[in-house]
Amino acid sequence: MKKILLFLISLISIQQSIQAQSCGVPTGLNASPIGDFTATISWTPVSGATWYAIRYRLSAGPGSWSTSSTTPATKT
């Protein structure tokens with residue numbers, strides 16, 4: 001019983017020591033050309049970033065948002 005309790009305490013202490021790092025915000029956002037159903041967006045990469053998540057929707061109305069991920073600093 002003591003071994004199980006010690007194991008659980010160890011797991012809790014390990015879990016508490018893991019913290020996410022905050023990330024920088026990309027700058028220089030540009031969207032061009034913008035068509036009816038397409039747009040190419042680009043931005044200045046953030047140092048150390050390995051990928052980006054992009055949220056978008058087709059109109060400013062109540063439509064649902066979609067998410068896309070990309071590794072370079074350009075997405076079509």
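If you go through region 26-56, how many residues are touching a strand residue (DSSP E or B) at 6+ places or on another chain (Cβ under 7 Å), surrounded by fewer than 10 Cβ atoms within 10 Å (Cβ to Cβ) and of a type in the set (Val, Ile, Thr)?
1
If residue 59 satisfies all but one of (1) loosely packed, with under 10 Cβ neighbours inside 10 Å; (2) modelled with pLDDT of 80 or more; (3) hydroxyl-bearing (Ser, Thr, Tyr), what's the number of the condition it fails?
Residue 59 satisfies every listed condition except (2).
The values are calculated or read from the model by the stated rules, or taken from the named source; none is laboratory data. Keep in mind that what you see is a predicted model, and the values were worked out from it rather than measured. Cβ sites come from the backbone with ideal geometry, for glycine too, and all protein chains shown count toward neighbours.
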